[in-house]
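In what follows, a single structure is set out as structure tokens and then discussed.
The values are calculated or read from the model by the stated rules, or taken from the named source; none is laboratory data. All figures in this text were calculated on a predicted structure; none of them were measured in a lab. Here the Cβ positions follow ideal geometry from the backbone for every residue, glycine too, while neighbour counts run over all protein chains shown.
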């Protein structure tokens, strides 16, 4: 007993900088508020819940802004948790994406007969995991953040519990996710064995200093990368994505396709740039193969899809390949390219899902053929969805072109044969992608209405707001330097 | 006039978008509101443009005026640089003229499925893209404007087009996108080859001269740009999208395509490809000239084989753009001036011909040449206008078409030094034969459609009437300009000459002659 007390007296409480935790604290506050309100008024639909969640997410943006204007870099817990420009840019990205997802969910969840309170609680938990991930610079923090964002997402994916496909989505996502976590954890344990430290920068120094056998380190790197490759749905770890995307509620699909995928990329960037900076010989070929396979296979399968949500799922796989491509020549420009791409991708892909949700409220289907002749009775939604689709295809002046441009630029800047070949693969894939995006646009603009039902589509206010936000962002990113500046500023502290 | 000096070009380029934004505020079924708004927007744009052109210093057409250089996307070193010189002015004037006329023509000639709001918005977005391309002085900005025209044209053909519209629209889209992808790669390569600091056209041209870039590299980079621009022109053998797009597009779309969009390609050659990579241009010139004369003959033969009036006019575009490209390939100031004149003349004349084809189609519900006939009997004024335009198109002296073709042919007699003279003289002969063929197919077209008697099925058809109000409004300026430029070509040559001489001397200096 005395011995234990003696040990306790050695314990020095870490100096916690609460300002640095501002965004997370605001989210936790919102989560508790949703919980309490749901308990007070438990029955059925409560219109306050989504508002509280939305306000909480917006409120969490305030500390992000104050931290950014404050400008000081913050190391917490001996560098296991860092607030630098990189983390702030990505926290802002996660929060804004989360807000748009809440806007998209409001009517969707209220109109289905499912519990609303739990939905927003889980969504907020997942968001907390993401904001943590942006700051995590330690294997254990990374792992905790990953699980915190994933486990609520497993439940959200299976949200439509009376629907067979919904159940399939939940179980599939869960099993595959746990498997990936196990692989990741094994890789992490190897890294810890080699470096004797869990902090990413320390691991980087240890590896650069020649610790451990090459084969062992290579194995560890591959395992860690594979663990995250699952999150970003890189081929061949993408097989869960289409089924989960189709079975999950569409707002959650958007959440998984944008925010959760971005979180996977954030983790990937952190380990690549901080923990493995000296091992380009392993990282670059690995990323090259992953990127080439991901964009090509994702695109080829997308060509054959007849359902818009599945099409967006496979196109999302292909887009993940585009985002991975600059990492095959890992440089400072690649980091910039990945972040810029993530920012622009979030705007246009969330927008595309919001438009599909809006349209599907009337067509009651996400089959592409059900979108026929949409231009005749819902010209606004048609124009908006077309903008997003052509932005995803990379047509100027919409945002997507700049995303592709920075990828090309990073690849060309490397001035290596593999970089140029990757550039050519990206170019060919962009043209393939255009075909299926244009195919959806053609259905909406040029085909007749399938069942002759031309009643107008009523777009609820919250979806209208989500569309307005994403349209403005998509257009603005294409003709201004907003996105590239974010990408430019999101540098690691220790980089 | 400070506002015009500083912001005139910017205001001109973005005014149509402001108009679109206003149109979005009105509901879809307010047809007349949208027509008025669109026309007003195009007139305001034209007014700003005229103010700019009036303030333009015509004694100094060789240098960039109204220069606007702002920060844009710093991270990729791209700047917002606008400016115009004697090369841009004629094309801007052409664009400013065509768009209001097309909107005026639309007043009572709406293609199915109607929807003026969407249709006119697309025309205005196109307007911004076209004007922007002609004023951008930064390669990335140029590229963005160059691509802005793609989507509106795709939808215009795909939604308001003829029976084969879906095929034609996607073919147009994929073809031009393929070219622009290669063009963008070339721009990026140029950027990195010159030290990765600027996309400014002027600076890039200087840097390329100051650096020792391997000849093969230059040739490949030029090749990428060539693909982008040649597909847009379109040059043989990349022309196959054009007959489909033109034939299927609604009249307004065909007119804009013919009058302005095709010029984006030839303009790109003179503005971007030649000044930045003069040495590569010299090596490519014989090939470009060769493809140009093949285009002339091929287009003419294609015309002779057509049974559809609109498709015939489309093929004649291939031939006419061949003359423009032949003028460019000589790399002399004479040839390049001819090319600029050819662009404007082709814009006016072929634009007019597509207008007429649209009006004929509306009256007869067919453009099959063998079912037409006796236009001079049933609609005499329309018949005479068609006659005037075919004469202009075949290059009759005294009308605008002559000054585009004849100097281009003449320029091939004495190409820039360093180019194979015998080869170009050969091209000259072939191009001259092309004019004979042009006279053949155009006169034959005229004979079959305007002369003779009205076919039985159309006798007493109440649908067939003579030229009406909106048509007069849309056509008169074009007809007048065809005549004025034909009688007094110096009006245009004087404007373009300054900057063309610059380009030609840059090429001459760089190639060591």
Sort out which residues of the range A:412-425 are facing chain B (nearest Cβ under 10 Å) and modelled with pLDDT of 90 or more, and write them in order of number.
none
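Report yes if some residue within the range B:135-149 is more than 11 Å from chain A (Cβ to nearest Cβ), crowded, with 23+ Cβ neighbours inside 10 Å and under 19 Å from residue B:234 (Cβ atoms); otherwise report no. Outline the logic, then answer.
Our first condition is that a residue be more than 11 Å from chain A (Cβ to nearest Cβ); within the range B:135-149, this holds for B:135-139.
Imposing the further condition that a residue be crowded, with 23+ Cβ neighbours inside 10 Å reduces the set to B:135-139.
Filter once more, keeping what is under 19 Å from residue B:234 (Cβ atoms): none.
No, the range B:135-149 contains no residue that is more than 11 Å from chain A (Cβ to nearest Cβ), crowded, with 23+ Cβ neighbours inside 10 Å and under 19 Å from residue B:234 (Cβ atoms).
So for the range B:229-251 (the condition being touching a strand residue (DSSP E or B) at 6+ places or on another chain (Cβ under 9 Å), more than 14 Å from chain A (Cβ to nearest Cβ) and either within 23 Å of residue B:360 (Cα to Cα) or not in a loop (DSSP other than H, G, I, E, B) (or both)), does at least one residue qualify? Steps first, please.
Of the residues in the range B:229-251, the ones touching a strand residue (DSSP E or B) at 6+ places or on another chain (Cβ under 9 Å) are B:247.
If we keep only those that are more than 14 Å from chain A (Cβ to nearest Cβ) as well, we get B:247.
Still in the running and either within 23 Å of residue B:360 (Cα to Cα) or not in a loop (DSSP other than H, G, I, E, B) (or both): B:247.
Within the range B:229-251, one or more residues are touching a strand residue (DSSP E or B) at 6+ places or on another chain (Cβ under 9 Å), more than 14 Å from chain A (Cβ to nearest Cβ) and either within 23 Å of residue B:360 (Cα to Cα) or not in a loop (DSSP other than H, G, I, E, B) (or both).
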Looking at residue A:365 and the list (1) more than 12 Å from chain B (Cβ to nearest Cβ); (2) surrounded by 23 or more Cβ atoms within 10 Å (Cβ to Cβ); (3) assigned to a loop (DSSP other than H, G, I, E, B), which single condition is not satisfied?
(2)
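Assess whether residue B:460 counts as being at positive phi and surrounded by fewer than 23 Cβ atoms within 10 Å (Cβ to Cβ). Can you show your working first?
On the way: at positive phi: yes; surrounded by fewer than 23 Cβ atoms within 10 Å (Cβ to Cβ): yes.
It is true that residue B:460 is at positive phi and surrounded by fewer than 23 Cβ atoms within 10 Å (Cβ to Cβ).
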Selected residue [more than 10 Å from chain B (Cβ to nearest Cβ), surrounded by fewer than 16 Cβ atoms within 10 Å (Cβ to Cβ) and more than 29 Å from residue B:81 (Cβ to Cβ)] from A:458, A:472, A:428
A:458
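Please verify whether the range B:37-49 includes one or more residues that are in contact with a strand residue (DSSP E or B) (Cβ under 8 Å, 6 or more places away or on another chain), surrounded by fewer than 20 Cβ atoms within 10 Å (Cβ to Cβ) and over 30 Å from residue A:377 (Cα atoms). Give the derivation first.
Step one: list which residues in the range B:37-49 are in contact with a strand residue (DSSP E or B) (Cβ under 8 Å, 6 or more places away or on another chain), which gives none.
No, the range B:37-49 contains no residue that is in contact with a strand residue (DSSP E or B) (Cβ under 8 Å, 6 or more places away or on another chain), surrounded by fewer than 20 Cβ atoms within 10 Å (Cβ to Cβ) and over 30 Å from residue A:377 (Cα atoms).
If you scan the range B:186-216, which residues turn out to be assigned to a helix (DSSP H, G or I), more than 12 Å from chain A (Cβ to nearest Cβ) and either touching a helix residue (DSSP H, G or I) at 6+ places or on another chain (Cβ under 6 Å) or surrounded by 14 or more Cβ atoms within 10 Å (Cβ to Cβ) (or both)? Outline the logic, then answer.
As a first pass, look at the range B:186-216 and keep what is assigned to a helix (DSSP H, G or I): B:186-193, B:201-210, B:215-216.
Then drop every residue that is not more than 12 Å from chain A (Cβ to nearest Cβ), which leaves B:201-210, B:215-216.
Those that are assigned to a helix (DSSP H, G or I), more than 12 Å from chain A (Cβ to nearest Cβ) and either touching a helix residue (DSSP H, G or I) at 6+ places or on another chain (Cβ under 6 Å) or surrounded by 14 or more Cβ atoms within 10 Å (Cβ to Cβ) (or both): B:201, B:202, B:203, B:204, B:205, B:206, B:207, B:208, B:209.
Does at least one position in the range A:406-424 carry a residue that is closer than 22 Å to residue B:170 by Cα, buried (at least 24 other Cβ atoms within 10 Å of the Cβ) and in contact with a helix residue (DSSP H, G or I) (Cβ under 9 Å, 6 or more places away or on another chain)? Full working, then the answer.
First, the residues of the range A:406-424 that are closer than 22 Å to residue B:170 by Cα: none.
No.
Being more than 9 Å from chain A (Cβ to nearest Cβ), over 18 Å from the mean Cα position of the chain (by Cα) and closer than 21 Å to residue A:390 by Cβ narrows it down to one of B:181, B:168, so name that one. Walk me through it before giving the result.
Numbers: B:181 fails: more than 9 Å from chain A (Cβ to nearest Cβ).
Selected residue: B:168, the only one of B:181, B:168 that is more than 9 Å from chain A (Cβ to nearest Cβ), over 18 Å from the mean Cα position of the chain (by Cα) and closer than 21 Å to residue A:390 by Cβ.
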Evaluate the following for residue B:383: is it modelled with pLDDT under 90 and farther than 15 Å from residue B:313 by Cα?
no
Looking at the range A:50-74, which of the residues that are touching a residue at least 12 places away in the same chain (Cβ under 8 Å) and not in a helix (DSSP H, G or I) is nearest to residue A:332 (Cα to Cα)?
A:73
I'd like to check something: does the range A:374-390 contain any residue that is facing chain B (nearest Cβ under 10 Å) and either over 29 Å from residue A:465 (Cβ atoms) or not in a helix (DSSP H, G or I) (or both)?
no
Quick one: is residue B:54 over 17 Å from the mean Cα position of the chain (by Cα) and free of Cβ contacts under 8 Å to residues at least 12 places away in the same chain?
yes
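Among the residues of the range B:71-85, which ones are at the interface with chain A (Cβ under 8 Å from one of its Cβ atoms) and out of contact with any strand residue (DSSP E or B) (no Cβ under 7 Å at 6 or more places or on another chain)?
To start, the set of residues in the range B:71-85 that are at the interface with chain A (Cβ under 8 Å from one of its Cβ atoms) comprises B:71-76.
Within the range B:71-85, B:73, B:74, B:75, B:76 meet the criteria.
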Within the set of pairs 6+ apart or on separate chains, which have a first residue in the range A:218-238 that is within 13 Å of residue A:264 (Cα to Cα), a second that is assigned to a loop (DSSP other than H, G, I, E, B) and at pLDDT below 90, and C-beta atoms under 7 Å apart?
A:226/A:237; A:229/A:237; A:230/A:237
Just the residues that are touching a helix residue (DSSP H, G or I) at 6+ places or on another chain (Cβ under 6 Å) and over 23 Å from residue A:482 (Cβ atoms), please, taken from the range A:380-405.
A:381, A:382
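Which residue out of A:342, A:274 is assigned to a helix (DSSP H, G or I), over 24 Å from residue A:385 (Cα atoms) and in contact with a helix residue (DSSP H, G or I) (Cβ under 7 Å, 6 or more places away or on another chain)?
On the way: A:342 fails: over 24 Å from residue A:385 (Cα atoms).
Unique residue meeting the criteria: A:274.
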Condition first: crowded, with 20+ Cβ neighbours inside 10 Å and within 14 Å of chain A (Cβ to nearest Cβ). Now tell me which residues in the range B:104-123 satisfy that.
B:111, B:115, B:116, B:117, B:118, B:119, B:120, B:121, B:122
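If I filter the range B:119-133 for residues that are in a loop (DSSP other than H, G, I, E, B), over 19 Å from the mean Cα position of the chain (by Cα) and touching a residue at least 12 places away in the same chain (Cβ under 8 Å), do I get at least one hit?
As a first pass, look at the range B:119-133 and keep what is in a loop (DSSP other than H, G, I, E, B): none.
No, there is no match, as no residue in the range B:119-133 is in a loop (DSSP other than H, G, I, E, B), over 19 Å from the mean Cα position of the chain (by Cα) and touching a residue at least 12 places away in the same chain (Cβ under 8 Å).
Taking the stated definitions as given, is residue A:262 at pLDDT 90 or above, over 29 Å from residue A:193 (Cβ atoms) and under 13 Å from the mean Cα position of the chain (by Cα)?
On the way: at pLDDT 90 or above: yes; over 29 Å from residue A:193 (Cβ atoms): yes; under 13 Å from the mean Cα position of the chain (by Cα): yes.
Yes: the conditions hold for residue A:262.
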